[in-house]
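Notes for the one structure printed next.
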Amino acid sequence: MLTGELRSQVDAIWNAFWTCGISNPMAVIEQITYLPSDEVSALVNLLQDIRARAAA
């Protein structure tokens, strides 16, 4: 289950893409692959946190 803080972080990422007109999850993944590696690392860490909290 997602906590309030974690959910708001995920929502912020999704809203950023949605605002730019990208609503297809595959397109979001494609756009993430174009991010600089440091931003990708931060996003990977966020996704790992989401998975860890969901498993707990």
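The values are calculated or read from the model by the stated rules, or taken from the named source; none is laboratory data. Quick caveat: nothing in here was measured; it's all calculated off a predicted structure. Methodologically, a virtual Cβ is constructed for each residue, glycine included, from the backbone with ideal geometry; neighbour enumeration extends over all protein chains shown.
Some values worked out for this structure:
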quantity: Of all residues in segment 23-38 being among the β-branched types (Val, Ile, Thr) and within 20 Å of Arg7 (Cβ to Cβ), the one that is modelled with the highest pLDDT; calculated: Val28
quantity: Yes/no for Ser41 being modelled with pLDDT of 85 or more and assigned to a helix (DSSP H, G or I); calculated: no
